[in-house]
1. Which one is least open to solvent (accessible area, probe 1.4 Å), of the residues in segment 1-24 that are in contact with a strand residue (DSSP E or B) (Cβ under 6 Å, 6 or more places away or on another chain) and at pLDDT 65 or above?
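The values are calculated or read from the model by the stated rules, or taken from the named source; none is laboratory data. These numbers come from a predicted model, not from an experiment. All Cβ positions, even for glycine, are placed from backbone atoms using ideal geometry, and neighbour counts span all protein chains on display. Ligands, DNA and RNA are stripped out before the accessible areas are found, and what is left, the full protein with its side chains, is counted by its heavy atoms. Shrake-Rupley method; radii C 1.70, N 1.55, O 1.52, S 1.80 Å.
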Amino acid sequence: MLGLKSSSRQIWQKNWRGRLSDYVTAICWSPQGDTLAACSAAGEVMLLRELSDRILLDLPSQDPLNSLAFSTDGQYLAAGGQGNTLFVWQCSGSEELPASLVCSLPSKHWIEHVAWHPQLNWLAFNVGRYVQVWDATSQMVIATLPFEASSALCFDWSPDGKFLAVGGYQGAKVWNCLDWDDDP
């Protein structure tokens, strides 16, 4: 972070500066606000705790990553990208054990977007013309939602967690989370 001056008074001060080996493609804060995660086009994921401790997470590949998100309770961190794999770590909060990889879900498509449910440890992620919902507790895909018109270009949970909206070419669909099989 760089310093910013206004009139002779410094508003911002440099707290930390670090480098990844390629450009940063996504960043996100943990819900507690004590950890910043960043991923890169070189397939790196770095955690910065309390703006001082840098932790580089191990990944089995070096494919570019496009998306990154902490679960609402801060217990999980998910990353997806061009390597056609979704990675999910369980975050311990301990410096000795910064995060452990709990899941790597293979896909036939890039994973460009990830979004956690606002109350449950359910993760939505795109898989081509579908959005899948994965339950971190059972470690199972609980729904596969079709978006026939195009790739699922964006999606978001309603604040109360009852609905998942998916957008793409020429429209959007909204699913009720109580009945995934019902028409959107």
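1. So, considering only residues that are in contact with a strand residue (DSSP E or B) (Cβ under 6 Å, 6 or more places away or on another chain) and at pLDDT 65 or above, the one least open to solvent (accessible area, probe 1.4 Å) is 20.
Residue-wise test of (1) among the β-branched types (Val, Ile, Thr); (2) modelled with pLDDT under 90; (3) on the phi < 0 side of the Ramachandran plot.
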{"site": "67", "(1), (2), (3)": "no, no, yes"}
{"site": "85", "(1), (2), (3)": "yes, yes, yes"}
{"site": "100", "(1), (2), (3)": "no, yes, yes"}
{"site": "106", "(1), (2), (3)": "no, yes, yes"}
{"site": "110", "(1), (2), (3)": "no, yes, yes"}
{"site": "138", "(1), (2), (3)": "no, no, yes"}
{"site": "149", "(1), (2), (3)": "no, yes, yes"}
